[in-house]
Structures are given as C-alpha cells and as structure tokens.
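Step one of this worksheet: look at the structure below.
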Amino acid sequence: MKKFIMAVLAAAFLCAPAVSFAEDMDMAKIKCKDFLSQKENDIVTIVIWVDGYLSAKSGDTVMGEEWMKKLSMNLAGYCKQNGDKTLMDAINALPSD
C-alpha cells in the first residue's frame, strides 16, 4: 500500500496540470466512501488539499514524504472503516502526533 501511495503521489506531482474534477467539490461535504471512489489523481489532489488545510491551521508548511505517507494512510484507513462519515471527520480524527 505504501508503494502504491508514493507512486500515486509522484504521478500527481508530475501530472498536476492534467488533474481536474468533473465538478466543484465542497471538501466539507465529501463522504469518505466518495473520497475512496475517486480516480487516483483526484485522491492525490484531495490529500494534497488536506495537507494544505492542515498547514494553514498549524502553521507547519513542511510537506515531507513521510508525512504525506502517514496522512494518506490515516485518511484511507479511517475512511475504509467509516464510509458514511465526511472527509472532515477523517481529518479531525487524525492522530495528533
């Protein structure tokens, strides 16, 4: 799973201009099951958005490889177990360490 996430993140950074959504997304309304059913590029874009959202809240502007792996794994793990919760619920459930 870790290799998959890193491959997807790498591809997204290389192909970022090619990523686009069919419609606008209200991040506060996305259900976990809908997040997990997105195309790989869209999932990566959402994870990057989450990183930016958390950076704005914390003031930590570092985006490292280990953090992105941890963020991706935590969001995916929470959402797999809580499909009807929102992505914001998943963000709020992230470990604080």
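No value in this document is a laboratory result; all are computed from the given coordinates. On a predicted model such as this, the values are computed, not experimentally measured, just so you know. Glycine gets a Cβ as well: all are built from the backbone with ideal geometry, and neighbour counts include every protein chain shown.
List, in the order given, every pair from 57/80; 33/57; 31/80; 39/80; 33/85 whose Cα-Cα distance in the structure shown is over 18 Å.
Listed pairs above 18 Å: 57/80; 33/57.
Place a point 7 Å from Cα of residue 81 in the direction of its Cβ. Which residues in segment 24-46 have their backbone N less than 19 Å from it?
The answer is 31-37, whose backbone nitrogens lie closer than 19 Å to the label point.
Test of understanding: ordering 23, 66 by Cβ neighbours within 10 Å, fewest first, what list do you get?
With the fewest neighbours first, 23, 66 line up as 23, 66.
Go through segment 62-68 residue by residue and turn each phi into a ³J(HN,Hα) via Karplus (6.51, -1.76, 1.60, θ = phi - 60°); whole Hz please, and just put x for glycine and proline.
Going residue by residue, I get 7, 10, x, 4, 5, 4, 5 Hz, with x marking Gly and Pro.
If amide hydrogens are placed 1.01 Å from N in the peptide plane, which non-local residues have theirs closer than 5 Å to the one on residue 86?
32
So what are the ³J(HN,Hα) numbers for segment 25-39, from phi and the Karplus equation (6.51, -1.76, 1.60; θ = phi - 60°), rounded to whole Hz, Gly and Pro as x?
Those phi angles translate into 10, 8, 4, 6, 10, 5, 7, 4, 5, 6, 4, 5, 8, 5, 5 Hz.
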